[in-house]
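Structure first, then comments.
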Amino acid sequence: MKLGFLSGCLGSIPLEEKIKWASKIGFDTIEVSCWPYNNTRDYSGTDIDVENFNEEKAKRLQEVLAENNMTISSLAYYDNNLHEDLTIRNNYINHLKKVIDAANLLGVELVGTFTGRSMNITIEENFKEFERVFSEILKYASYKNVKIMIENCPMPGWNKDGFAGTISYSPELWDKMFEIFPELGLNFDPSHLLWLNINYLYALEKYKDKIFHIHAKDVIVNREGIEKYYGIYGKQINKKNEWDTGLFTYKMPGKGEIDWHAFFEIIKKIGYKGAISIEHEDPEYEGSLDKIKQGLILGYEFLSKLMG
């Protein structure tokens with residue numbers, strides 16, 4: 001296993017500097033954020049400009065990685081590939097193909113994305129769209145020797161009143177997804193499963209053959225708020241933003257409710273050999289580059305002991 005993090009959290013400093021810093025701390029790998037420069041997504045980043053990437057830039061990046069004993073675990077571009085606005089959807093898919101192109105140039109096997117969801121149609125109708133849309137994406141990825149993996153975040157901020165904005169957040173939906181496309185895998189994030197009240201340890205073991213990559217993120221669930229005030233659907237009025245559900249807060253690994261000791265016991269039992277990538281969304285360690293780095297170092301120190 002290799003320990004890394006999703007690069008976008010470090011902001012706009014050059015990727016080369018992020019790689020050098022990560023190596024100095026002790027990280028083995030990095031998951032590279034590949035959103036467009038012009039986007040409004042939170043926690044995004046543009047560490048590779050895939051629109052203008054070429055063989056020369058790929059060679060230089062590979063040299064930097066080699067000089068620092070680092071690898072790239074995956075390229076990351078998470079947007080709504082089933083968006084109901086076809087112009088927006090096609091822009092997302094075209095950019096995803098550019099990310100796949102960049103992965104091919106770098107010899108990176110994995111590209112991570114979301115299924116997304118059209119908010120105007122049912123889940124069943126979304127799966128019909130998913131089959132049509134992802135057939136083209138997966139064919140393109142296969143031609144480029146790239147595997148596609150889906151991260152299991154429900155993205156409640158994308159949908160009206162905080163309902164799920166993807167069709168890939170639960171084992172029920174994974175089964176349907178893999179029935180349609182067995183070649184797909186998961187970028188498995190236990191934090192989302194925990195606040196959704198899904199047994200993440202059971203899912204980790206059951207879907208062991210589908211786990212291509214792991215996002216290490218912790219979470220604290222606001223159980224008092226759920227039980228006494230909001231209910232399971234979360235905050236409905238007076239939201240600070242579309243993501244303010246009142247249900248949970250993401251934390252650095254070891255600072256929340258995930259049982260990481262049990263998690264790593266199962267990882268070792270199932271023989272997982274891929275990347276453990278910290279996805280930094282902890283508000284306690286945001287606001288400055290120094291605080292973000294402090295959070296990543298805490299995550300590194302906690303997880304590296306368990307990976308032993």
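Determine the pairs where a residue that is charged (D, E, K, R), located within segment 144-160, has a partner that is open to solvent by 30 Å² or more (accessible area, probe 1.4 Å) with Cβ atoms under 8 Å apart, the partner being 6 or more residues away or on another chain.
Lys144/Asp101; Lys144/Asn104; Lys147/Glu109; Lys147/Glu183; Lys147/Phe212; Lys160/Met119
Only one of Asn68, Asn38, Asn81 is touching a strand residue (DSSP E or B) at 6+ places or on another chain (Cβ under 7 Å) and either open to solvent by less than 40 Å² (accessible area, probe 1.4 Å) or free of Cβ contacts under 8 Å to residues at least 12 places away in the same chain (or both). Can you tell me which?
Asn81
Can we say Gln236 is more than 24 Å from Leu3 (Cβ to Cβ) and either in contact with a Cys (Cβ under 8 Å, 6 or more places away or on another chain) or of a type in the set (S, T, N, Q) (or both)?
Yes.
I need a count of the residues in segment 103-129 that are closer than 26 Å to Leu6 by Cα and assigned to a helix (DSSP H, G or I). Give the steps one after another, and end with the answer.
At the first step, the residues of segment 103-129 found to be closer than 26 Å to Leu6 by Cα are 103-117.
So of that shortlist, the ones also assigned to a helix (DSSP H, G or I) come out as 103-106.
Qualifying residue count for the region: 4.
Confirm whether Ile180 is open to solvent by 10 Å² or more (accessible area, probe 1.4 Å) and aliphatic (A, V, I, L, M).
Yes: the conditions hold for Ile180.
Inspect all residues belonging to segment 224-237 and state whether any of them is closer than 26 Å to Met149 by Cα and open to solvent by less than 10 Å² (accessible area, probe 1.4 Å).
no
Just to be sure I understand, how many residues within segment 226-276 are aromatic (Phe, Trp, Tyr) and farther than 30 Å from Thr29 by Cα?
Adding up the residues that qualify gives 3.
Could we say that Lys59 is part of a helix (DSSP H, G or I), open to solvent by 10 Å² or more (accessible area, probe 1.4 Å) and without any contact (Cβ under 8 Å) to a residue 12 or more places away in the chain here?
For Lys59, the condition - part of a helix (DSSP H, G or I), open to solvent by 10 Å² or more (accessible area, probe 1.4 Å) and without any contact (Cβ under 8 Å) to a residue 12 or more places away in the chain - is met.
Give just the number: which of (1) open to solvent by 60 Å² or more (accessible area, probe 1.4 Å); (2) under 20 Å from the mean Cα position of the chain (by Cα) does Ala76 not satisfy?
(1)
Could you please find all residues in segment 1-26 being assigned to a loop (DSSP other than H, G, I, E, B) and under 18 Å from the mean Cα position of the chain (by Cα)?
Met1, Gly11
Among what's in segment 250-264 and is charged (D, E, K, R) and in contact with a Leu (Cβ under 9 Å, 6 or more places away or on another chain), pick the residue that is farthest from Ile198 (Cα to Cα).
Per the criteria, the residue is Lys255.
Here's a check for you: in segment 1-35, which residue that is hydroxyl-bearing (Ser, Thr, Tyr) and farther than 19 Å from Lys217 by Cβ is surrounded by the most Cβ atoms within 10 Å (Cβ to Cβ)?
Result: Ser23.
Report, by residue number, each residue of segment 96-127 that is closer than 13 Å to Asp79 by Cβ, touching a strand residue (DSSP E or B) at 6+ places or on another chain (Cβ under 9 Å) and open to solvent by less than 40 Å² (accessible area, probe 1.4 Å).
Leu96, Val99, Val111, Gly112, Thr113, Phe114, Thr115, listed by residue number.
If you check every pair at least six apart or on different chains, which have Cβ atoms under 8 Å apart with a residue in segment 103-115 that is within 17 Å of Leu184 (Cβ to Cβ) and of a type in the set (Asp, Glu) first and a residue that is assigned to a helix (DSSP H, G or I) and open to solvent by less than 20 Å² (accessible area, probe 1.4 Å) second?
Glu109/Ala103
The values are calculated or read from the model by the stated rules, or taken from the named source; none is laboratory data. Note that the coordinates shown come from a computational prediction; the quantities given were computed from them, not determined experimentally. Cβ sites come from the backbone with ideal geometry, for glycine too, and all protein chains shown count toward neighbours. All accessible areas refer to the heavy atoms of the entire protein, side chains included, with ligands and DNA or RNA removed. Shrake-Rupley method; radii C 1.70, N 1.55, O 1.52, S 1.80 Å.
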